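Down below is the structure, laid out as structure tokens.
The values are calculated or read from the model by the stated rules, or taken from the named source; none is laboratory data. In this text the structure is predicted, and so the values were computed from the model without any measurement. Cβ: placed from backbone, ideal geometry, glycine included. Neighbour counts: every protein chain shown.
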Amino acid sequence: MSLYGANLDRAEKRLGSTGSDLDRKYWPALALFAGLGLLVWFTIGEGAVMVFGRPVEIRLVALLVIGSFALRTVLARQADRIRHGGDKGGS
């Protein structure tokens with residue numbers, strides 16, 4: 001194998017996440033999303049914005065954005081489990 005091929009293999013290993021990497025990062029990521037959600041709830045005031053002609057609390061908009069990132073994290077983990085051979089003792 002050439003020097004270029006060895007460097008390419010190392011770069012691919014650094015860029016790609018293995019299943020155990022994602023499992024290790026999953027719970028801390030969800031805990032951080034929950035902590036961020038608590039910070040949003042207690043720090044953003046009770047202002048309202050108009051959404052489709054109805055007033056919506058601004059903190060709910062921020063929580064929706066954070067919740068969408070948390071949902072994306074959950075779906076990515078489930079997709080990785082499906083790709084790598086099914087559920088490994090989880091829910």
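Could you check how many residues of segment 23-70 are without any contact (Cβ under 8 Å) to a residue 40 or more places away in the chain and assigned to a helix (DSSP H, G or I)?
The total comes to 28.
Going through 39, 30 one at a time, which residue ends up being surrounded by fewer than 14 Cβ atoms within 10 Å (Cβ to Cβ) and out of contact with any Cys (no Cβ under 9 Å at 6 or more places or on another chain)?
On inspection, the qualifying residue turns out to be 39.
Examine segment 61-68 for a residue that is exposed (fewer than 12 other Cβ atoms within 10 Å of the Cβ), closer than 24 Å to residue 20 by Cα and either out of contact with any Lys or Arg (no Cβ under 9 Å at 6 or more places or on another chain) or of a type in the set (Asp, Glu) (or both), and state whether such a residue exists.
Within segment 61-68, one or more residues are exposed (fewer than 12 other Cβ atoms within 10 Å of the Cβ), closer than 24 Å to residue 20 by Cα and either out of contact with any Lys or Arg (no Cβ under 9 Å at 6 or more places or on another chain) or of a type in the set (Asp, Glu) (or both).
Quick check: anything in segment 2-17 at pLDDT below 90, among the hydroxyl-bearing types (Ser, Thr, Tyr) and either surrounded by 10 or more Cβ atoms within 10 Å (Cβ to Cβ) or not in a loop (DSSP other than H, G, I, E, B) (or both)?
Within segment 2-17, one or more residues are at pLDDT below 90, among the hydroxyl-bearing types (Ser, Thr, Tyr) and either surrounded by 10 or more Cβ atoms within 10 Å (Cβ to Cβ) or not in a loop (DSSP other than H, G, I, E, B) (or both).
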